[in-house]
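Engineer: What follows is a single structure, and I will ask about it in a moment.
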Amino acid sequence: MILLPETLQEGGREAALAHELTHFAHRDHIWAVLRCLALVLHWYNPLVWWAAVLSHRDSETACDEATLQRLGQEERAAYGRTLIRMACQKSVNPFILSAPLADNRQFLRERIARVVQKGKNKITRGTVLALLLFVLMAAGCTFTGGRTASISSKGDIVIEHAF
């Protein structure tokens, strides 16, 4: 069952419904249960909490992208406005789950920015530099000469440097 607020305008209803149907198509309700189960079992581990938050964000990001593909490029602005309206909406109804949208303003900004980008996935210089640095470090750790140890005929341990 998908419940939508009565105050949602006509274009917003279509966008919200498309968003929620995309969540269903992605089986996000199953992932949400698995996230909750992981949190119940590992409530004491902050890394599991962090992973659950990141998993939820990935779910929302993937849903936004798939919904925009479903609605079409001309509906990007209406979809972004609907996100903002839902985030700003204060409701006492426990079935209206738009409150989590407003909980993290930074994530909401990121979502709106992705909607506005019109499908242009930008790879920043920082991302390229970090990836290059990681590859160089991995290569350096992998292909550097190490020490080899052997036992001589007298029973002594001999350490040789391989260069």
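Engineer: What spacing in nm lies between the two simple spin-label points modelled at L133 and Q117, each 7 Å away from Cα in the Cβ direction?
Structural biologist: 2.1 nm
Engineer: Something else now. Give me the percent of Cα-Cα pairs in the range 1-88 that sit more than 19 Å apart, rounded to a whole number.
Structural biologist: On the way: 1793 of 3828 pairs.
The answer is 47 percent, as a whole percent.
Engineer: For a Förster distance of 41 Å, can you work out the FRET efficiency between the beta-carbons of I30 and C141, rounded to the nearest 0.05? Can you show the working numbers first?
Structural biologist: Numbers: r = 39 Å, r/R0 = 0.94.
Computed FRET efficiency for I30 and C141 comes out at 0.60.
Engineer: Taking R0 as 35 Å, what FRET efficiency do you get between L47 and E6 from their Cβ-Cβ distance, rounded to the nearest 0.05?
Structural biologist: Calculated value: 0.30.
Where a number appears in this text, it was derived from the coordinates with a stated rule and is not lab data. These numbers come from a predicted model, not from an experiment. No Cβ is skipped: glycine too gets one built from the backbone with ideal geometry, and neighbour counts run over all protein chains shown.
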